[in-house]
Each structure stands twice: as structure tokens, then as C-alpha cells.
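A.B. asks: Have a look at this one before I ask anything.
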Amino acid sequence: ASHHRKGPVEVEGPNDRGLFRATCAFNTGQVRGREMTATGPWRADKESAAEDGEALRRAYLSGGNQALTELKNGLYAAAGAAPPPSKKESPADVAAAAAASGG
């Protein structure tokens, strides 16, 4: 599906455990048609996942990839889960970020 606005938020789920999560696609602007997708942690209800998605969208629009990554790591830490590594982050980077944020 083609989206004309930046950062559309979708809620995925329920999964096999009845959980939901936000997914947000962002046009990076670097290469036409190139999108980056961010996913939030699995949540018990659709509303919480949608709130995560809106927060991820706002973070990206206000501070770019760095703000998005910081918020995503915080959401996962608060949910007690490890964030999925992005293409630019190694698992060691994710572990270091989690340790630095007290996770």
C-alpha cells in the first residue's frame, strides 16, 4: 500500500498469544521509495499498541532516526523485552543501549 503521509501507524495482531504491536513505516527521503519500519513491543491490548505507534511516529518526525531508536529502546525496556536490532545496530549496540538505560 502506498502512503503519502510520513509515519503511518498500523497495529498488528492479535498474534498467537493474543497480543498486539505497532508498526510504523517512514519514508527516509534518501532514496525514492525507501522505507524504514519500526515496530513496538507486543502489548496486551490494541489501544496500548496504537499509543506506542503514535509515540514512535512523533519521535521520528521530531528527532529523526536517533530519537526513534531511543524511544523504541525505552518502550522495549519498559515492556521487559529486548528491541529487535535495526539494520544499523548490532546486537552488541542494542545490549549496550539497554545497559545504559538501566534495562
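A.B. asks: Please compute the Kirkwood hydrodynamic radius of the range 10-86 from all pairs of different C-alpha atoms, in Å with one decimal.
C.D. replies: 12.6
A.B. asks: I'd like the trypsin sites (Lys or Arg not before Pro) in the range 27-80 restricted to DSSP loop residues with at most 11 other Cβ atoms within 10 Å, sorted by number. Walk me through the intermediate numbers first.
C.D. replies: Working: sites: R32, R34, R43, K46, R57, R58, K72; in loops: R32, R34.
Here the sparse-neighbourhood loop sites are R32, R34.
All of the numbers you see were taken from the coordinates with simple rules; none came from a lab. Given the structure is predicted, the values throughout are model-derived calculations rather than measurements. Note: ideal-geometry Cβ built from the backbone for every residue, glycine included; neighbour counts use all protein chains shown.
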